[in-house]
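J.: Below are the structure tokens for one structure; questions will follow.
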């Protein structure tokens with residue numbers, strides 16, 4: 001465990017130190033956009049923070065490759081190097097979008113190509129609780145893996161709308177997933193686990209970046225960061241669950257037979273929910289699934305009356321409840337977990353609706369106008385030209 005904590009610290013420190021450098025680079029490259037009506041922030045702020053996160057991740061992974069405890073996971077196969085290569089490619093695609101505002105179809109095509117490359121390189125889901133995918137067809141395995149990567153990338157991208165929101169949600173999911181993968185690793189002769197390593201390094205870069213990205217943010221992660229985080233958390237889940245055989249794992253650890261499929265969904269429940277709601281909403285209006293609007297979960301939180309920080313903390317709470325609720329099943333009976341989950345859900349519901357309830361108690365229920373809130377955040381972003389005024393360091 002101490003080795004993993006050391007790797008997390010390396011990732012956090014490296015990301016924290018690289019972020020100011022990347023901020024100045026983003027300004028020089030013009031990765032700064034004008035504030036639009038749908039944006040939550042009010043001051044033009046540099047993007048491209050994903051480059052700092054990538055540097056922190058690669059630094060942590062290179063450190064890990066030199067440690068005796070973790071050298072084995074690098075020598076067993078080349079999955080670690082495939083993951084790092086894919087991380088570089090997906091981050092470069094995001095940087096291109098942050099700087100040049102790529103068309104959404106071109107960006108989606110790039111995501112799919114990178115996902116196929118990673119799956120073809122050996123990072124695949126080869127078995128599900130219903131049977132082996134490789135036995136059916138290696139092509140099916142690659143297709144399902146690539147689809148999962150692309151969906152997760154865009155789910156995190158959709159939820160990246162407030163300062164610290166996406167990084168916090170992914171960090172919470174990474175901690176939950178890291179606990180699960182560590183428990184599974186302890187049943188093997190060696191505690192070393194590539195899945196745990198990826199999770200811990202990802203949590204570290206999220207924490208390091210949050211120190212600069214907390215409201216009011218000095219740098220946004222941009223598409224380069226949101227796509228990188230979606231990619232990494234999916235790779236970690238594929239490494240851990242993609243090769244598990246439900247028949248070979250003790251039921252005391254591997255509770256439901258579909259846990260390898262359900263856990264990644266639960267970890268990314270909020271981003272996936274927000275993405276699915278957005279796609280349905282836009283298609284019903286006859287719009288493109290990527291058409292921007294101000295109806296995301298974080299926009300709704302602000303419209304109810306929450307501050308930026310309040311909305312982020314409450315959404316973090318929901319993410320933690322869903323992610324850790326599934327992990328609690330490993331240690332407690334389902335009935336006890338249900339009671340704790342229900343109590344926490346009621347508390348979070350009250351906190352979520354508190355501004356509306358306060359106005360209701362005072363006899364006024366109208367929504368607070370969107371432009372009257374203190375706004376500083378990420379949001380779906382598109383550059384309309386180089387900003388003339390940028391937030392001071």
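FYI, it's all coordinate maths here, none of it is from the lab. The structure presented is a predicted model; accordingly, all values stated were derived computationally and were not measured. Note that each Cβ is placed from the backbone with ideal geometry, even for glycine, and that neighbours are counted across all protein chains shown.
J.: Taking R0 as 35 Å, what FRET efficiency do you get between residue 43 and residue 78 from their Cβ-Cβ distance, rounded to the nearest 0.05? List each step's numbers first, then the result.
T.: Working: r = 44 Å, r/R0 = 1.26.
That pair, residue 43 with residue 78, gives E of 0.20.
J.: Under 20 Å from the 7 Å Cα→Cβ point of residue 9, by amide nitrogen: which residues of segment 41-70?
T.: The answer is 56-70.
J.: Taking the highest mean first, how do the peptides 149-158, 334-343, 219-228 order by number of other beta carbon atoms within 10 angstrom per residue? All intermediate terms of the calculation are to be shown ahead of the outcome.
T.: Working: 149-158: 25.4, 334-343: 12.5, 219-228: 30.5.
Put in order of decreasing packing, that is 219-228, 149-158, 334-343.
J.: Please work out how much length the chain gains when fully extended from residue 120 to residue 191, using 0.36 nm per residue of separation minus the C-alpha to C-alpha distance, in nm with one decimal.
T.: That works out to 22.8 nm of additional length.
J.: Sticking with this structure for a sec: Extension gain residue 29-residue 211, at 0.36 nm per residue separation less the Cα-Cα distance, in nm? It would help to have the intermediate numbers written out before the result.
T.: Details: separation 182, 0.36 × 182 = 65.52 nm, distance 2.31 nm.
Full extension from residue 29 to residue 211 adds 63.2 nm.
J.: So for each of 24-32, 10-18 I average, over its residues, the number of other beta carbons within 10 Å; can you give me the resulting order with the highest mean first?
T.: Per-residue mean Cβ counts within 10 Å order the peptides as 10-18, 24-32.
J.: Separation between the residue 113 and residue 21 pseudo-spin-labels, each 7 Å from Cα along Cα→Cβ, expressed in nm?
T.: Roughly 2.8 nm, to one decimal.
J.: Put a dot 7 Å past each Cα toward the Cβ at residue 67 and residue 285; how far apart are the dots in nm?
T.: 4.7
J.: I need two numbers for segment 175-219: Rg to one decimal and Dmax as a whole number, Cα atoms only, in Å.
T.: Answer for segment 175-219, Rg first and Dmax second: 14.1, 46 Å.
J.: If you don't mind, another one. State the Kirkwood hydrodynamic radius of segment 46-123 in Å, one decimal place, computed from all pairs of distinct Cα atoms.
T.: Values: mean 1/r = 0.0727 Å⁻¹.
About 13.8 Å, per the Kirkwood formula over Cα pairs.
J.: Go ahead and collect, in residue order, the members of segment 215-240 whose backbone nitrogen is under 16 Å from a label point 7 Å along the Cα-Cβ direction of residue 183.
T.: 240
J.: I'd like the FRET efficiency for residue 357 and residue 104, computed as 1/(1 + (r/R0)^6) with the beta carbon distance as r and R0 of 35 Å, rounded to 0.05. Spell out each step's value before the answer.
T.: Details: r = 38 Å, r/R0 = 1.09.
My answer for the efficiency is 0.35.
J.: Once fully extended, how much extra length lies between residue 338 and residue 2, figured as 0.36 nm per residue of separation less the alpha-carbon to alpha-carbon distance? Before the final figure, lay out each step's value.
T.: On the way: separation 336, 0.36 × 336 = 120.96 nm, distance 3.20 nm.
This chain segment gains 117.8 nm when fully extended.
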